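Below is one structure; the comments refer to it alone.
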Amino acid sequence: MGASNDNSVHGLSTYLTGFMLALILTAIPFGLVISQSLARMPTLIAIGIAAVLQVLVHLRFFLHMNLKTTPRENIVALAFAATLILVMVGGTLWIMFNLHHRMMV
């Protein structure tokens with residue numbers, strides 16, 4: 001019974017660490033936008049970096065995915081999903097910028 005209690009405490013501390021990191025990585029972009037302390041491009045870069053870090057925090061602390069204990073099929077499926085999302089978002093941005101450019105001419 002003591003071993004399962006140790007696992008739950010370790011699990012709780014892992015979740016709390018992930019939660020605190022997620023809060024911090026959410027507060028940083030909000031703070032940058034509200035304070036307008038940086039120019040537009042550095043603010044966008046900081047938001048992008050915080051977003052990528054937050055995805056990694058969620059994968060590690062909440063989904064418990066790492067390169068050592070996670071089965072290879074799960075990593076491949078995650079990489080495939082990320083590639084599909086990248087293609088969809090990139091294609092959407094490409095189309096929107098192209099339409100914007102054509103309407104301004």
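If I stretch the segment between residue 69 and residue 83 completely, what's the gain in nm (0.36 nm per residue apart, minus their alpha carbon distance), one decimal? Could the numbers behind the result be given before it?
Details: separation 14, 0.36 × 14 = 5.04 nm, distance 2.24 nm.
Gain in length upon complete extension: 2.8 nm.
Suppose each label sits 7 Å from its Cα in the direction of the beta carbon; what would the residue 24-residue 47 distance come out to in nanometres?
If labels sit at residue 24 and residue 47, their model points lie 2.2 nm apart.
Per residue, how much space in cubic angstrom lies within the convex hull of the C-alpha atoms of the chain?
Working: hull volume 13.3 nm³, N = 105.
Residue-normalised Cα hull volume stands at 127 Å³.
Output the relative contact order of the chain, whole-number percent, from Cα pairs under 8 angstrom with separation of 6+ residues.
Working: 31 pairs, mean separation 26.7, N = 105.
For the chain, the relative contact order is 25 percent.
Given springs between every Cα pair under 10 Å in a Gaussian network model of the chain, which of 57, 87, 76 has the largest fluctuation?
87
Each reported figure results from applying straightforward, stated rules to the coordinates on display, with no laboratory input. Not measured: the values here are computed from a predicted model. Don't worry about glycine lacking a Cβ; one is built from the backbone with ideal geometry, like all the others, and counts go over all protein chains shown.
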